[in-house]
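The values are calculated or read from the model by the stated rules, or taken from the named source; none is laboratory data. What you see is a predicted model; the values in this text were computed from it and never measured. So basically every Cβ, Gly included, is an ideal-geometry build from the backbone, and we count neighbours across all protein chains shown. Ligands, DNA and RNA are excluded from the accessible area calculation, which covers all protein heavy atoms including side chains. Shrake-Rupley method; radii C 1.70, N 1.55, O 1.52, S 1.80 Å.
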Amino acid sequence: MTAAQMPETAEITAIRQVTQSELGNAALQTQLCDLLRDAVEGGASVGYVLPVAEPLLEQYWQGVFADARHDSLILLVAEHAGQIVGSAQLALSMKPNGMHRGEVQKVLVHRAARRRGLGGDLMLAIERVAMARSRTLLVLDTETNSGGQRLYATLGYQAAGVIPNFALATIPGQASTHVPTTYMYKLL
């Protein structure tokens, strides 16, 4: 998807949970790979560096699908005109002493769909899913001082601490550098 394909006033048609029957769908995986590639190319600190290799993206989503099949992860997608423009994941703690918590992972919004509230909508959807699963504590990590950190703070997430030099960031046109991450939490 490009910015030209999504008018500035376009509404996101749906945020929904990916179903078990969709988890082997090649078209779904291709769209998710495109979304993750767009995030990395846009400078997001989501575990990958430039240049990102397609096999790594495919391998990542196959792992996500496997976790979703085992019901230890919930994958949400946001769609516009049949195309995935955002996603978020909730990894459910399966430890006996942690059945009350989940970890928010890979909140991604395509650059063409940003600045429309979609990141916040995805987070609120994740929180609803968490509550439906009796998860009352959510944790996440995000690049310190990023737009993500500001978004999570507006939604009530509290900073628990900062780890310096946590991830290698590759920003297009700039030298790679290590960046800190902030761990955050929210009690639902």
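Working from label points 7 Å from Cα in the Cα-to-Cβ sense, the residue 69 to residue 154 distance is 3.9 nm. Which net charge results for the neighbourhood of residue 188, defined as the other residues with beta-carbon distances under 13 angstrom from its beta-carbon, given Lys and Arg at +1 and Asp and Glu at -1? Around residue 188, the charge tally is +4. Rolling a 1.4 angstrom probe over segment 74-128 with all protein chains present gives an accessible area of which 49% lies on carbon and sulfur atoms.
Averaged over its residues, the chain has an accessible area of 51 Å² per residue, based on protein heavy atoms and a 1.4 Å probe.
Using the beta-carbon distance between residue 100 and residue 175 and R0 = 30 Å, what value does 1/(1 + (r/R0)^6) give for FRET efficiency, to the nearest 0.05?
0.10
Shape class of segment 110-163 from the Cα gyration tensor (axes a ≥ b ≥ c, square roots of the eigenvalues): oblate, since a/c reaches 1.5 or more and a/b does not exceed b/c. Normalising the average separation of contacting C-alpha pairs (under 8 angstrom, six or more residues apart) by the number of residues puts the relative contact order of the chain at 21 percent. Annotation: extensible slack from residue 187 through residue 34 equals 51.8 nm (criterion: 0.36 nm per residue apart, minus Cα-Cα distance).
Couplings 3J(HN,Hα) of segment 104-109, computed from phi: 7, 9, 6, 7, 10, 10 Hz, in residue order, whole Hz [Karplus 6.51 cos²θ - 1.76 cosθ + 1.60, θ = phi - 60°; x for Gly and Pro]. Converting phi to 3J(HN,Hα) with the Karplus coefficients 6.51, -1.76 and 1.60 and the offset θ = phi - 60°, segment 44-61 yields 5, 8, 10, x, 10, 10, 7, x, 8, 8, 3, x, 5, 5, 4, 4, 4, 5 Hz in sequence order, with x at every glycine or proline. On the beta carbon distance between residue 81 and residue 21, with R0 = 25 Å, the FRET formula returns roughly 0.70.
The overall shape of segment 141-186 is oblate: from the C-alpha gyration tensor, with semi-axes ordered a ≥ b ≥ c, the ratio a/c is 1.5 or greater and a/b is no larger than b/c. The charge dipole of the chain, taken about the Cα centre with unit charges on the Cβ atoms of Lys, Arg (+1) and Asp, Glu (-1), comes to about 520 debye, rounded to the nearest 20.
Report, in deg cm²/dmol and to the nearest 500, the calculated mean residue ellipticity at 222 nm for the chain, where each DSSP H run with n ≥ 4 adds -39500 (n - 2.57) and the sum is divided by the residue count.
-9500 deg cm²/dmol
Does the chain classify as rounded, prolate or oblate by the C-alpha gyration tensor (a ≥ b ≥ c root eigenvalues; a/c under 1.5 gives rounded; else a/b over b/c gives prolate, otherwise oblate)? Cα axes put the chain in the rounded bin.
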